[in-house]
Number of protein chains: 2
Amino acid sequence: MHIHIENDANGPDALQLPVELLRQRLETHPQLRSHFTLTENSDATHSATFLANADILWAGRKLALDQFAAPRLSWVQVMSAGVEQWLPHLPQGVTLTNASGVHGDKGAEFILMAALMFNFGIPGFLQDQAQRLWRPSFGGCARGKTVLLLGVGGIGSAAARLLTAQGYRVVGVTRSGECSAPVERCISIDAIDEVLPQVDVLVSTLPLTAQTRRLLDRRRLDLLPKRAGIVIVGRADVFDYNAMREKLNAGELAGAVLDVYPQEPLPTDDPLWHTPGVVMTPHCSLDDHAAYLEGCLEVFIDNLVRFRSGRALRNQVDVARGY
Amino acid sequence: MHIHIENDANGPDALQLPVELLRQRLETHPQLRSHFTLTENSDATHSATFLANADILWAGRKLALDQFAAPRLSWVQVMSAGVEQWLPHLPQGVTLTNASGVHGDKGAEFILMAALMFNFGIPGFLQDQAQRLWRPSFGGCARGKTVLLLGVGGIGSAAARLLTAQGYRVVGVTRSGECSAPVERCISIDAIDEVLPQVDVLVSTLPLTAQTRRLLDRRRLDLLPKRAGIVIVGRADVFDYNAMREKLNAGELAGAVLDVYPQEPLPTDDPLWHTPGVVMTPHCSLDDHAAYLEGCLEVFIDNLVRFRSGRALRNQVDVARGY
């Protein structure tokens, strides 16, 4: 059984999986020792040769798999949570597992921070500061405020735990309307229109699927109260960024703490850079490079054990569902 | 026994104590009913007349008590936590109780927010955003980082609980080197020089006293590592703001989240407004006006019960200590 590692030569060192590290982990694992042969590549011109012989692929970069002959390939472990770029190219019969959950700890802390920033009016005070305006505003505690959490997967569940512990009332939103995370209640995506008018903080960790694309369009954004702040750490295209920007310009939202954008890096002429109430981080607030590779490797090793024993893999992407 | 309420005519409505509200609270309290006469005033030209007959004073504004004849006055309940402006004017034999603890819940949330903002590099990303620069930086989780908490009183204790629950390693600093809050360890003010070099976030909730004035002078600020962020919600004059500003300009600190200033409102020509890494709120991040009066009233009612039964009052200021 052959595992091939495809690293991204242009990516950061911390995200490359050295074949020696994987070999060492397999050799010290009682159930995985001596079962796999390994190769590693980061030169795109050689990928085809390696894929031709791979049973299992560790993918450190995106590959349009349907453009390769990979007759033995049965399973691909990717290093991202979002997989919308993999799905159109996934050959029939190949299982895809993602890195869902690996972003949870840091992502949850970021979401808690952003929710608190809205409670303390930071987006507004940053604008006052730029104009040297002293305009105190004595609001209440964050505790008891309402967070609508779009997506209760790896990041969302971790965020629900922190927000609930902090006293926020968390309403979770999932496809099914059910989740096991500690939320006050969980609703299905179809039911969000009723809750949007009561929201203090709208948080999205949603993946991009046919159902989620432009879910937060202008009509739904218009249902939010003026006091609401928006936090987006899932896929950007779930939101109509133009509509959101226009509402921020009109003072119809409290602000937006954003880590993701329709185009990345955000073009320098994009008006979002200087939209009032926008606090931007450049798509780095969920990834902890020091811990990320280790987190992905933990999922992979667990999955190799499951694979060997014929059990269902963890983080398996449902192709029809899209995540 | 006569209680006089001195309200601040220039203050917000939410912080005025109506005499009828106090009367109602006393009448519905089994131990306080029918024991007190009450007056209320907010006209400074009449204060002397009212103080001449007061046994107990509820002070909604600052008064230089030594400039009044108040022969019967034995106890003053003030609505602030800091009392450095009361102490030089406090007549011998008058007990002063403050509002310590009333700011705890909101103050703790603000401190947690500020600590998280440093973890996610927000002060730096705000500067990048202003220059339309896309420069991701993939740091780790907040959990495990070190917060040095100067002052573990009402706000500090509440902050220690939230920060510890979030996984921060909290080192408390008190006059005695001891505290009952959930900190990893507690040290005395004299010992902070040894800890400053290991700090990720330095938080001050300290009152202004002879011992704390300019405690964080240039020499001590120079002991902080470059990665450190500063959060000041106690009295501003505990810090050398000029030295802090110079270090921020030189890139020798990660940033500062400030709610208090040496002069308030901060003069429009103060260079702090545009100092890199500074995030400012205009001295409003601890006071929750919706809950503040009720919080102070709760302390006062409790103290009236203690007063009637001859027990020690809660939040009694130690004049020698200065808080």
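A short reminder: the numbers here are calculations on the coordinates, not readings from a lab. The shown structure was predicted, so the numbers you read here are calculated from the model rather than taken from an experiment. FYI the Cβ positions are ideal-geometry reconstructions off the backbone, even for glycines, and counts take in every protein chain you see.
For this structure, a couple of remarks:
- Filtering region B:295-323 to residues that are within 17 Å of B:Leu57 (Cα to Cα) and among the acidic types (Asp, Glu) leaves B:Glu298, B:Asp302.
- Some residue of region B:97-104 being of a type outside the set (Phe, Trp, Tyr), crowded, with 21+ Cβ neighbours inside 10 Å and in a helix (DSSP H, G or I): yes
- Filter pass, A:Gly177 being of a type in the set (Gly, Ala, Ser) and in contact with a strand residue (DSSP E or B) (Cβ under 9 Å, 6 or more places away or on another chain): yes
- All conditions in (1) more than 22 Å from the chain's Cα centre (by Cα); (2) surrounded by fewer than 20 Cβ atoms within 10 Å (Cβ to Cβ) hold for B:Leu224, with the sole exception of (2).
- Scanning region A:250-262 for residues that are surrounded by fewer than 21 Cβ atoms within 10 Å (Cβ to Cβ) and either of a type in the set (Asp, Glu) or closer than 10 Å to A:Val278 by Cα (or both) yields a count of 1.
- Sole residue being in contact with a helix residue (DSSP H, G or I) (Cβ under 8 Å, 6 or more places away or on another chain) and without any contact (Cβ under 8 Å) to a residue 40 or more places away in the chain, chosen from B:Thr268, B:Thr275: B:Thr275
- Number of the condition not met by A:Val279 [criteria: (1) among the hydrophobic types (A, V, I, L, M, F, W, C); (2) farther than 24 Å from A:Glu84 by Cα; (3) over 20 Å from the mean Cα position of the chain (by Cα)]: (3)
- Filtered residue count, region B:116-164, keeping only those that are part of a helix (DSSP H, G or I) and more than 9 Å from every other protein chain (Cβ to nearest Cβ): 14
- Counted residues, region A:64-84 - those being farther than 23 Å from A:Asp13 by Cβ and assigned to a loop (DSSP other than H, G, I, E, B): 10
- Residue match in region A:25-37 (condition: of a type outside the set (A, V, I, L, M) and either assigned to a helix (DSSP H, G or I) or under 25 Å from the mean Cα position of the chain (by Cα) (or both)): yes
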